[in-house]
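A short write-up of the structure that comes next.
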Amino acid sequence: MTSESEPARSGVQAADTVLAVLETVAYAEEPVGVTQVAGAVGLAKSAAFRHLRTLLDRGYVVQDPTTSRFRLGPKVFLLGRLAPSGHDLATTVQPAMREARDASGLGVLTTTPTPQGAFVLATVPGTQAIDIGVRVGSSLALHASAQGKVFLAFGPGGLLDRVLTAPRPGFTPHTITGAADLTAEIAGVRTRGYAVAPEEVLLGVNALAAPVYDPQGAVVASVALVGSIQHIAQEPDARLVRIVLDLAHRASRLIAGSNGRRAGI
(Lines give C-alpha, C1' and ligand atoms only; values in the text may rest on other atoms or scores of the structure.)
Protein backbone atom coordinates (compact mmCIF):
# COMPACT_ATOMS: atom_id res chain seq x y z
CA MET A 1 0.00 0.00 0.00
CA THR A 2 1.36 3.43 -0.96
CA SER A 3 1.40 6.11 1.74
CA GLU A 4 0.33 9.67 1.01
CA SER A 5 3.88 10.92 1.52
CA GLU A 6 5.45 8.70 -1.17
CA PRO A 7 4.11 10.58 -4.21
CA ALA A 8 5.37 13.83 -2.73
CA ARG A 9 8.82 12.38 -2.19
CA SER A 10 9.00 10.96 -5.72
CA GLY A 11 7.78 14.25 -7.17
CA VAL A 12 10.46 16.22 -5.34
CA GLN A 13 13.09 13.70 -6.40
CA ALA A 14 12.02 13.92 -10.05
CA ALA A 15 12.20 17.72 -9.95
CA ASP A 16 15.63 17.58 -8.33
CA THR A 17 16.86 15.15 -11.00
CA VAL A 18 15.64 17.17 -13.96
CA LEU A 19 17.23 20.29 -12.50
CA ALA A 20 20.50 18.38 -12.06
CA VAL A 21 20.31 17.35 -15.72
CA LEU A 22 19.69 20.94 -16.79
CA GLU A 23 22.58 22.21 -14.65
CA THR A 24 24.89 19.58 -16.14
CA VAL A 25 24.12 20.89 -19.62
CA ALA A 26 24.38 24.51 -18.48
CA TYR A 27 27.76 24.21 -16.74
CA ALA A 28 29.44 22.11 -19.41
CA GLU A 29 32.03 23.96 -21.46
CA GLU A 30 30.70 22.40 -24.69
CA PRO A 31 27.58 20.51 -25.80
CA VAL A 32 27.20 17.19 -24.00
CA GLY A 33 25.85 13.77 -24.91
CA VAL A 34 23.46 11.49 -23.07
CA THR A 35 26.29 9.35 -21.71
CA GLN A 36 28.03 12.37 -20.17
CA VAL A 37 24.82 13.60 -18.58
CA ALA A 38 23.97 10.15 -17.24
CA GLY A 39 27.41 9.80 -15.68
CA ALA A 40 27.39 13.27 -14.15
CA VAL A 41 23.95 12.90 -12.56
CA GLY A 42 24.19 9.19 -11.71
CA LEU A 43 21.39 7.95 -13.95
CA ALA A 44 20.91 5.16 -16.43
CA LYS A 45 21.25 6.41 -20.01
CA SER A 46 17.58 5.68 -20.70
CA ALA A 47 16.50 7.77 -17.69
CA ALA A 48 18.87 10.61 -18.62
CA PHE A 49 17.46 10.64 -22.13
CA ARG A 50 13.88 10.85 -20.84
CA HIS A 51 14.75 13.93 -18.77
CA LEU A 52 16.63 15.49 -21.68
CA ARG A 53 13.68 14.75 -23.97
CA THR A 54 11.34 16.59 -21.57
CA LEU A 55 13.69 19.59 -21.44
CA LEU A 56 14.00 19.47 -25.23
CA ASP A 57 10.22 19.47 -25.70
CA ARG A 58 9.92 22.48 -23.35
CA GLY A 59 12.69 24.45 -25.08
CA TYR A 60 15.16 24.37 -22.18
CA VAL A 61 17.75 22.45 -24.21
CA VAL A 62 18.34 21.97 -27.92
CA GLN A 63 19.94 19.01 -29.65
CA ASP A 64 22.45 19.22 -32.47
CA PRO A 65 21.05 17.05 -35.31
CA THR A 66 24.55 16.05 -36.44
CA THR A 67 26.25 15.20 -33.13
CA SER A 68 23.09 14.49 -31.06
CA ARG A 69 24.65 16.55 -28.24
CA PHE A 70 22.69 18.95 -26.06
CA ARG A 71 23.17 22.60 -25.11
CA LEU A 72 20.98 25.24 -23.48
CA GLY A 73 17.85 26.22 -25.37
CA PRO A 74 15.99 29.50 -25.93
CA LYS A 75 13.65 29.10 -22.95
CA VAL A 76 16.59 29.44 -20.53
CA PHE A 77 17.72 32.69 -22.12
CA LEU A 78 14.14 34.00 -22.10
CA LEU A 79 13.87 33.32 -18.37
CA GLY A 80 17.16 35.10 -17.85
CA ARG A 81 15.89 38.18 -19.68
CA LEU A 82 12.65 38.16 -17.70
CA ALA A 83 14.45 38.03 -14.33
CA PRO A 84 14.41 41.37 -12.44
CA SER A 85 17.31 43.59 -13.41
CA GLY A 86 20.04 44.47 -10.95
CA HIS A 87 20.28 41.02 -9.36
CA ASP A 88 23.31 39.88 -11.34
CA LEU A 89 25.82 39.91 -8.53
CA ALA A 90 28.52 38.39 -10.71
CA THR A 91 28.33 41.20 -13.25
CA THR A 92 28.19 43.84 -10.52
CA VAL A 93 31.43 42.77 -8.85
CA GLN A 94 33.41 41.95 -12.02
CA PRO A 95 35.29 45.30 -12.15
CA ALA A 96 36.50 44.87 -8.57
CA MET A 97 37.49 41.25 -9.26
CA ARG A 98 39.61 42.27 -12.25
CA GLU A 99 41.39 44.94 -10.22
CA ALA A 100 42.18 42.41 -7.47
CA ARG A 101 43.50 39.99 -10.08
CA ASP A 102 45.74 42.69 -11.56
CA ALA A 103 47.03 43.65 -8.11
CA SER A 104 47.74 40.08 -6.97
CA GLY A 105 48.31 38.10 -10.15
CA LEU A 106 46.07 35.40 -8.67
CA GLY A 107 42.75 33.97 -9.76
CA VAL A 108 39.68 35.60 -8.19
CA LEU A 109 36.37 33.94 -7.34
CA THR A 110 32.96 35.15 -6.27
CA THR A 111 30.79 32.56 -4.54
CA THR A 112 27.33 32.67 -3.04
CA PRO A 113 26.00 30.50 -0.18
CA THR A 114 23.65 27.59 -0.85
CA PRO A 115 22.57 24.72 1.43
CA GLN A 116 24.96 22.46 -0.48
CA GLY A 117 28.05 24.68 -0.27
CA ALA A 118 29.74 27.77 -1.66
CA PHE A 119 28.44 28.07 -5.23
CA VAL A 120 31.00 29.48 -7.68
CA LEU A 121 29.27 32.36 -9.41
CA ALA A 122 32.10 34.07 -11.29
CA THR A 123 35.83 33.69 -11.87
CA VAL A 124 38.62 35.87 -13.21
CA PRO A 125 41.73 33.89 -14.20
CA GLY A 126 45.09 34.84 -12.76
CA THR A 127 48.11 36.08 -14.67
CA GLN A 128 50.57 33.48 -13.37
CA ALA A 129 52.25 31.17 -15.89
CA ILE A 130 50.41 28.27 -14.24
CA ASP A 131 46.91 29.30 -13.24
CA ILE A 132 44.72 27.41 -10.76
CA GLY A 133 41.13 27.63 -11.93
CA VAL A 134 37.77 26.75 -10.40
CA ARG A 135 34.83 26.01 -12.66
CA VAL A 136 31.81 28.33 -12.57
CA GLY A 137 28.84 26.36 -11.31
CA SER A 138 30.87 24.11 -9.03
CA SER A 139 30.15 23.92 -5.32
CA LEU A 140 32.83 24.08 -2.62
CA ALA A 141 32.35 22.32 0.71
CA LEU A 142 31.43 24.68 3.51
CA HIS A 143 33.76 23.09 6.06
CA ALA A 144 36.78 22.72 3.76
CA SER A 145 36.94 25.88 1.65
CA ALA A 146 37.90 29.43 2.57
CA GLN A 147 34.68 30.64 0.95
CA GLY A 148 32.58 28.16 2.89
CA LYS A 149 34.25 29.13 6.16
CA VAL A 150 33.30 32.76 5.47
CA PHE A 151 29.65 31.74 5.22
CA LEU A 152 29.91 29.63 8.39
CA ALA A 153 31.50 32.55 10.26
CA PHE A 154 29.39 35.46 9.05
CA GLY A 155 26.24 33.85 7.66
CA PRO A 156 23.09 32.69 9.47
CA GLY A 157 23.81 31.09 12.83
CA GLY A 158 21.97 27.91 11.94
CA LEU A 159 24.32 27.19 9.06
CA LEU A 160 27.28 26.33 11.28
CA ASP A 161 25.06 24.23 13.54
CA ARG A 162 23.84 22.24 10.53
CA VAL A 163 27.37 21.61 9.24
CA LEU A 164 28.55 20.53 12.69
CA THR A 165 25.84 17.87 12.87
CA ALA A 166 26.34 16.61 9.30
CA PRO A 167 29.08 14.34 7.88
CA ARG A 168 32.24 16.30 7.02
CA PRO A 169 34.36 14.39 4.51
CA GLY A 170 38.11 14.74 4.55
CA PHE A 171 39.31 15.67 1.06
CA THR A 172 43.00 15.75 2.05
CA PRO A 173 44.95 15.03 5.26
CA HIS A 174 44.64 18.77 6.01
CA THR A 175 40.84 19.00 5.90
CA ILE A 176 39.34 20.06 9.24
CA THR A 177 36.70 17.45 10.04
CA GLY A 178 36.45 17.45 13.86
CA ALA A 179 33.57 19.46 15.31
CA ALA A 180 35.69 21.11 18.01
CA ASP A 181 38.48 21.97 15.56
CA LEU A 182 36.04 23.41 13.04
CA THR A 183 34.30 25.47 15.73
CA ALA A 184 37.66 26.92 16.77
CA GLU A 185 38.59 27.60 13.16
CA ILE A 186 35.36 29.53 12.51
CA ALA A 187 35.90 31.57 15.70
CA GLY A 188 39.30 32.53 14.31
CA VAL A 189 37.75 33.56 10.99
CA ARG A 190 35.35 35.87 12.85
CA THR A 191 38.28 37.45 14.69
CA ARG A 192 40.46 37.93 11.60
CA GLY A 193 37.70 38.91 9.17
CA TYR A 194 38.97 36.53 6.49
CA ALA A 195 39.42 32.78 5.96
CA VAL A 196 42.01 30.47 4.44
CA ALA A 197 41.90 26.75 3.64
CA PRO A 198 45.48 25.65 2.98
CA GLU A 199 45.44 22.33 1.09
CA GLU A 200 42.07 21.41 2.61
CA VAL A 201 40.29 20.69 -0.69
CA LEU A 202 43.26 19.97 -2.95
CA LEU A 203 46.91 19.45 -2.07
CA GLY A 204 49.10 22.39 -3.03
CA VAL A 205 46.19 24.85 -3.32
CA ASN A 206 45.03 27.58 -0.97
CA ALA A 207 42.40 30.34 -1.03
CA LEU A 208 41.99 33.58 0.88
CA ALA A 209 38.37 34.74 1.21
CA ALA A 210 36.37 37.57 2.78
CA PRO A 211 32.63 38.31 3.15
CA VAL A 212 30.53 40.56 0.93
CA TYR A 213 27.50 42.24 2.52
CA ASP A 214 24.26 43.65 1.16
CA PRO A 215 22.95 47.05 2.40
CA GLN A 216 21.03 45.29 5.21
CA GLY A 217 24.23 43.77 6.57
CA ALA A 218 23.59 40.20 5.42
CA VAL A 219 26.37 38.19 3.81
CA VAL A 220 25.40 37.56 0.19
CA ALA A 221 28.71 36.37 -1.23
CA SER A 222 32.37 35.80 -0.60
CA VAL A 223 35.27 36.94 -2.75
CA ALA A 224 38.54 35.05 -2.78
CA LEU A 225 42.02 34.89 -4.18
CA VAL A 226 43.02 31.38 -5.28
CA GLY A 227 46.50 30.07 -5.94
CA SER A 228 49.19 27.59 -5.01
CA ILE A 229 50.36 27.26 -1.43
CA GLN A 230 53.55 28.87 -2.70
CA HIS A 231 51.69 32.09 -3.49
CA ILE A 232 49.09 32.00 -0.68
CA ALA A 233 50.81 30.66 2.41
CA GLN A 234 49.05 29.15 5.41
CA GLU A 235 49.65 32.51 7.07
CA PRO A 236 48.97 34.75 4.05
CA ASP A 237 51.06 37.78 3.23
CA ALA A 238 49.65 41.02 4.63
CA ARG A 239 49.53 42.51 1.13
CA LEU A 240 47.23 39.73 -0.09
CA VAL A 241 45.03 40.13 2.99
CA ARG A 242 44.67 43.84 2.20
CA ILE A 243 43.81 43.06 -1.42
CA VAL A 244 41.04 40.59 -0.54
CA LEU A 245 39.60 42.79 2.22
CA ASP A 246 39.60 45.80 -0.12
CA LEU A 247 37.94 43.65 -2.78
CA ALA A 248 35.22 42.55 -0.35
CA HIS A 249 34.64 46.14 0.78
CA ARG A 250 34.40 47.40 -2.79
CA ALA A 251 32.11 44.54 -3.83
CA SER A 252 29.78 45.40 -0.94
CA ARG A 253 29.71 49.04 -2.07
CA LEU A 254 29.02 48.03 -5.68
CA ILE A 255 26.08 45.89 -4.54
CA ALA A 256 24.73 48.76 -2.45
CA GLY A 257 25.05 51.08 -5.46
CA SER A 258 23.28 48.56 -7.68
CA ASN A 259 20.42 48.32 -5.16
CA GLY A 260 20.21 52.13 -5.02
CA ARG A 261 19.92 52.41 -8.80
CA ARG A 262 17.24 49.74 -8.83
CA ALA A 263 15.26 51.68 -6.23
CA GLY A 264 15.63 54.90 -8.17
CA ILE A 265 17.98 56.54 -5.68
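Numbers for the structure displayed
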{"item": "Single residue of 163, 205 found to be touching a Leu at 6+ places or on another chain (Cβ under 8 Å) and either basic (Lys, Arg) or under 25 Å from residue 122 (Cα atoms) (or both)", "result": "163"}
{"item": "Breaking point among (1) farther than 22 Å from residue 18 by Cβ; (2) out of contact with any Gly (no Cβ under 9 Å at 6 or more places or on another chain); (3) outside any helix (DSSP H, G or I), for residue 126", "result": "(2)"}
{"item": "Looking only at the stretch 107-132, and only at residues there that are free of Cβ contacts under 8 Å to residues at least 40 places away in the same chain and small (Gly, Ala, Ser), the one that is surrounded by the fewest Cβ atoms within 10 Å (Cβ to Cβ)", "result": "129"}
{"item": "Test: residue in the stretch 52-63 that is hydrophobic (A, V, I, L, M, F, W, C), part of a loop (DSSP other than H, G, I, E, B) and within 21 Å of residue 138 (Cα to Cα)", "result": "no"}
{"item": "Close pairs from the stretch 133-152: first over 11 Å from residue 200 (Cβ atoms) and open to solvent by less than 10 Å² (accessible area, probe 1.4 Å), partner part of a loop (DSSP other than H, G, I, E, B) and among the hydroxyl-bearing types (Ser, Thr, Tyr), Cβ under 8 Å, at least 6 apart", "result": "150/194"}
{"item": "Some residue of the stretch 182-202 being in a strand (DSSP E or B) and open to solvent by less than 40 Å² (accessible area, probe 1.4 Å)", "result": "yes"}
{"item": "Filtered residue count, the stretch 1-40, keeping only those that are farther than 15 Å from residue 60 by Cα, modelled with pLDDT under 90 and part of a helix (DSSP H, G or I)", "result": "12"}
{"item": "Some residue of the stretch 129-136 being touching a Gly at 6+ places or on another chain (Cβ under 7 Å), among the β-branched types (Val, Ile, Thr) and under 20 Å from residue 232 (Cα atoms)", "result": "yes"}
{"item": "Close pairs (9 angstrom Cβ cut-off, 6 or more residues apart or separate chains): more than 12 Å from residue 33 (Cα to Cα) in the stretch 58-73, in a loop (DSSP other than H, G, I, E, B) and among the aromatic types (Phe, Trp, Tyr) anywhere", "result": "72/60; 73/60"}
{"item": "Residue within the stretch 145-158 that is touching a Leu at 6+ places or on another chain (Cβ under 9 Å), part of a loop (DSSP other than H, G, I, E, B) and within 11 Å of residue 224 (Cα to Cα) present", "result": "no"}
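The values are calculated or read from the model by the stated rules, or taken from the named source; none is laboratory data. None of the values given here were measured: they were computed from a predicted structure. Don't worry about glycine lacking a Cβ; one is built from the backbone with ideal geometry, like all the others, and counts go over all protein chains shown. Keep in mind that these areas ignore ligands, DNA and RNA; they rest on the heavy atoms of the full protein, side chains included. Shrake-Rupley method; radii C 1.70, N 1.55, O 1.52, S 1.80 Å.
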